[in-house]
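Remarks on the structure that follows.
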Amino acid sequence: MGEVLLWQEIKARRLGYQLGRFIVDFYCSPLKLVIEIDGSSHDAKVEEDIQRQKEIERLNIHFLRFTERDARSNLESVLHEIKRYISKIAQPPLQ
């Protein structure tokens, strides 16, 4: 898959989207939504990831996190969760 290879290179070269001093996997500016895929490299940085997420959320940005395993083996479920979240935040609040 070409997009996977490209994305691996972008991540390896730290070319993801920068928010403040942080690089995130995916960012949708209009929705103010970050999507992170946590692979095994995140296992040793759980506390660091939590603090990083809290700092970014202070910018009024929402987070969705998925495991690398889910992104590889349960992609339909990941996509469903993203779509569900987007429809939820795109709905105008009830008066």
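The values are calculated or read from the model by the stated rules, or taken from the named source; none is laboratory data. What you are looking at is a predicted structure, and each value in this text was computed from that prediction instead of being measured. A quick note on method: Cβ atoms are made from the backbone with ideal geometry, for glycine too, and the neighbour counts reach across all protein chains shown.
At a glance:
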item	result
Checking Lys83 against (1) modelled with pLDDT under 90; (2) outside any strand (DSSP E or B), the condition it does not meet	(1)
Qualifying positions in region 2-31 - modelled with pLDDT of 85 or more and touching a strand residue (DSSP E or B) at 6+ places or on another chain (Cβ under 6 Å)	Val24, Asp25, Phe26, Tyr27
Long-range neighbours under 6 Å by Cβ, at least six apart or interchain, first residue loosely packed, with under 11 Cβ neighbours inside 10 Å within region 11-24, second at pLDDT 80 or above and not polar (S, T, N, Q)	Arg14/Ile23
Filter result (of a type in the set (Ser, Thr, Tyr) and either outside any strand (DSSP E or B) or free of Cβ contacts under 8 Å to residues at least 12 places away in the same chain (or both)) within region 28-78	Ser29, Ser40, Ser41, Ser73, Ser77
